[in-house]
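Provided herewith is a single structure, encoded as structure tokens, for subsequent inquiry.
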Amino acid sequence: MPEPIDQFATTAHNLVDTVIESALRKLEDENKIRKQAIAAIRLDLSRSASAEPPPPVVHENYEVENIEWLTIEEFSIEKAEKKINDFIKTWEYQDSWLFCVDFLREDEFEFDVRYRFRVQWSIPTRRKPIPRSTASVYFTFHVSKIKPKTYPVEVYYIFETNRLVHRPGFSRFREKWLKDIIESKVLVMDAVDF
């Protein structure tokens, strides 16, 4: 009878050791991730401390283009719309796409004011001048109340139906993203009977 108890004790010790090792590995991984996040924040802070736009990112021998964005002092809704138009001109897409930029709203917070814009895309044709569906890209301008007026305004944008937040100069625009949004909307409309 003493043998099964020893066997259970050994199994229990092995199980506890495995759990402890797994927890230690997880802590080490979380520590690495935390260090990487801190390094990324420091890099971001050092970049935002200068009024210069971030350097272009190179992917697959492709340079992600960017424009010079507005400073806090220069910011106005009209100038922001113009900058969005200028930024979209750096994107590669077919000439059949049309878009319009609309100011949506202004949200005031304790330390900044956020201006939200929508860029609505569509492909009108001769047969269907009013497209069945559109794809939207939402731009947000963070105008800080506490940073010096010479600092650049922070700009972010997201594509409709997508949670990934893009920053100008850091990700390459893909026309496929717009097509996917429109195709998914058309599929839903075809699936719903009115």
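Taking segment 142-190, which residues are under 11 Å from the mean Cα position of the chain (by Cα) and basic (Lys, Arg)?
ARG163, ARG167
Among the candidates GLU160, GLU175, single out the residue that is out of contact with any Ser or Thr (no Cβ under 6 Å at 6 or more places or on another chain) and modelled with pLDDT of 90 or more.
Within the list GLU160, GLU175, the selection yields GLU175.
Kindly indicate the residue of segment 155-194 that is of a type in the set (Ser, Thr, Tyr) and free of Cβ contacts under 8 Å to residues at least 60 places away in the same chain and also farthest from THR140 (Cα to Cα) among those meeting that condition.
Top of the filtered list is SER184.
Scan segment 158-192 for residues that are assigned to a helix (DSSP H, G or I) and within 30 Å of ALA40 (Cα to Cα) and report the count.
Of the residues in segment 158-192, 4 are assigned to a helix (DSSP H, G or I) and within 30 Å of ALA40 (Cα to Cα).
The values are calculated or read from the model by the stated rules, or taken from the named source; none is laboratory data. Since we're looking at a predicted model, the values are computed, not measured. No Cβ is skipped: glycine too gets one built from the backbone with ideal geometry, and neighbour counts run over all protein chains shown.
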